[in-house]
1. Evaluate region 404-417: report whether one residue or more is open to solvent by 50 Å² or more (accessible area, probe 1.4 Å), part of a loop (DSSP other than H, G, I, E, B) and touching a residue at least 40 places away in the same chain (Cβ under 8 Å).
2. Kindly indicate the residue of region 379-388 that is among the charged types (D, E, K, R) and exposed (fewer than 15 other Cβ atoms within 10 Å of the Cβ) and also farthest from ILE259 (Cα to Cα) among those meeting that condition.
3. Residues TYR376, TYR424: which one is out of contact with any helix residue (DSSP H, G or I) (no Cβ under 6 Å at 6 or more places or on another chain) and surrounded by 20 or more Cβ atoms within 10 Å (Cβ to Cβ)?
4. Output the residues belonging to region 434-469 that are of a type outside the set (S, T, N, Q), open to solvent by less than 30 Å² (accessible area, probe 1.4 Å), farther than 18 Å from GLU398 by Cβ and not in a helix (DSSP H, G or I).
5. Among all residue pairs at least 6 apart or on different chains, which show Cβ distances below 6 Å where the first residue, located in region 587-600, is open to solvent by less than 60 Å² (accessible area, probe 1.4 Å) and the second is modelled with pLDDT of 90 or more?
6. Give the residues of region 134-151 that are open to solvent by 20 Å² or more (accessible area, probe 1.4 Å), within 50 Å of the chain's Cα centre (by Cα) and not small (Gly, Ala, Ser), sorted by residue number.
7. Starting from region 239-252, keep only residues that are closer than 15 Å to ASN224 by Cβ and open to solvent by less than 50 Å² (accessible area, probe 1.4 Å), then list their pairs with residues that are outside any helix (DSSP H, G or I) and polar (S, T, N, Q) whose Cβ atoms are within a distance under 8 Å, requiring at least 6 positions of separation or different chains.
8. Quick one: which helices (runs of 4 or more DSSP H) sit completely within region 311-392 and have at least 3 residues that are at pLDDT 80 or above?
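The values are calculated or read from the model by the stated rules, or taken from the named source; none is laboratory data. Not measured: the values here are computed from a predicted model. Glycine gets a Cβ as well: all are built from the backbone with ideal geometry, and neighbour counts include every protein chain shown. Accessible surface areas use protein heavy atoms only, side chains included; no ligands, DNA or RNA. Shrake-Rupley method; radii C 1.70, N 1.55, O 1.52, S 1.80 Å.
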Amino acid sequence: MQKGNIGVTTENIFPVIKKFLYSDHEIFLREMVSNAIDATQKMKTLAEKGEFKGELGDLTVRVSMDADKGTITISDHGIGMTEEEIDKYINQIAFSGVNDFLEKYKDNANNIIGHFGLGFYSSFMVSKKVEIVTKSYKEGSKAVKWSCDGSPAFEIDDSERADRGSDIILYIDDDCKEFLDKYKLEGLLNKYCKFLPVPVAFGKKTEWKDGKQVDTDEDNIINNVEPLWTKTPSTLKDEDYKSFYRTLYPMQDEPLFWIHLNVDYPFNLTGILYFPRIKNSLELQKNKIQLYCNQVFVTDQVEGIVPEFLTLLHGVIDSPDIPLNVSRSYLQSDKEVKKISTYITKKVSDRLKAIFNEDRKAYEEKWDDLKLFINYGILTEENFYDRAKEFSLFKDVEGKYFTFDEYKQLIEGSQKDKDGNLVYLYATDKDEQYSYVSAAQDKGYSVLLFNGQLDVPCIQTLEQKFDKSRFARVDADTIDHLIQKENETKSTLSDTERDNLSAVFQSQLPKLDKTEFIVEVNALGDSQRPVVITQNEWMRRMKEMSRYQSGMAFYGQMPDSFNIVLNSDHRLVKQVLDDAQAALSEQLKPIESELKGQEARLAALNQKTDKKKPEEVTQEEKDDKAATQKAIDEQKEKKQQLISDYAQKQDVVHQLIDLALLQNGMLKGAALDAFLKRSIELIK
């Protein structure tokens, strides 16, 4: 029997391993099974090269559990180890002490797993004792047993084993007993070992017999040794890809389409990426792409390897060039990883372009589902737009699709404003914004439909990319203002008439939470609606962007601001003004006369004091100005109250306001009920 200490100068490295890797301690199973797979594949390679002449036999790796003994055993029929090899590969850990250990892996302790010699030692995260019973394939080898109780002390002794290979026996620690649950263990095997290249058996398959589940003689193989991504694309059919997708994501709808990655230079990479159908924002989940290293599951957090916008995809990537355990900072800085990310972007772009060119109709049918990924790429990947512009589409409210260039040609002749800017009109809901869309179409304009989750956030990027162009939602202003062809038509109303008309409507507008209304009077033509509600394009866009960018939260807290545009050319608005003038003229004359007098006096006082320095203005002058301003405010308040009392009784004013609010989905509850009752009365 040989006894000794494992080759580390620190007194006890195992508590360090356990402490630093506890959060990820389930990966011990991956490491143990991976080691068994490596030993098995080396055996196959030796046989292929003729360096091993014997029978390979059953190469299945077997995982078993004994809850009574508290053990998990991983058995393989691989190359095994001699006593000398155990001493070399197990007993020597290349660290000079705990300080070096901690310094080397201070950023991410997970890096230590996979370091030469330490993959095996991940077993001590869950074990109080580990035994290795092994026999080398080399002729004349004898079986040996290595054991260690979680301290640097180990023992090697002769043992019994009929055939080559190794058994790793883990005596599970008291604080890790959950791993002695059959279903827990099977779940971990499915997670980490589902596609390993050598059969992995965990117990036997069961069948229903005599009212209960009983074991059969057939091994329960938990993995598919030849997953789809390892096969040549030309040998596969669409149903093969769909079937594999169902294996990966049993509860998901059928994918839109997929991209098979297969490259061996300048790095090795295989995989299949699927574009899923996403019905709502609740299904927008990252971490659906699984990363493998030689068919061993590594992680589903692939940021850094896959471009940000493609993390919304589903599927598998397998690359031996990415270590089993890597930190996020490593992924972000490693040049090879960046090459992989660039390659994946190019491959996805080329595939989308090919699908568009080969069958545009089928591509258009998928566009409403696909555009989320494209828009996300345009927003997050600096150079993706240059690729995406060739297969990105616009969809108009009529359901027709256009490439960016096609749509530009369509509207170039009709939708330029007086300054030469090309105006892209869009609606986010063609039903809610129907009347605005209709007004634009009556002018011969085309309107796009931007009803996707990221359509509106993309606008700013498109405005930067498109030459002398801007986007405007159809309800951001009156249509003649959205695409202003010439100087604005001036209203024939006097300033006093405009002020009085505005005051009539302003006084009757509802008080809505976090909402403000600004009344303006414009000459829109007698065929346009009498009252139109618009919302400033820039401010609304800022508020919408605040939902996606935390730094813009200020805009999200601001009240919604709407313009109430009164069409001074419409007969109903003219009638409201005429009726108000007739009813209020005599009462308003003395008020307006007094106002003009006081305003003239204030202007004269200001002119006099403006020429003086602040310290030269006398107290008498200050008091005079304050008294004059107070008189003005009193007259304005008197006028406002007079107009408000009059407007309160005018059903036509309320009806016009409510019709505009109703059109914009802003008339609800008691206000809606009052509108309905008033409508019935007016019909009578």
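1. No - not one qualifying residue is present in region 404-417.
2. GLU382
3. TYR424 is the lone residue from the list that is out of contact with any helix residue (DSSP H, G or I) (no Cβ under 6 Å at 6 or more places or on another chain) and surrounded by 20 or more Cβ atoms within 10 Å (Cβ to Cβ).
4. LEU454, VAL456, PRO457, CYS458, PHE466, listed by residue number.
5. The qualifying pairs are ILE591/GLN635; ILE591/LYS638; ILE591/LYS639; LEU595/GLN635; GLN598/THR628; GLN598/ALA631; GLN598/ILE632.
6. Within region 134-151, just ASP149 meets the criteria.
7. Qualifying pairs under 8 Å: TYR245/GLN252; LEU248/GLN290.
8. Fully inside region 311-392 and qualifying: 335-358, 360-380, 384-388.
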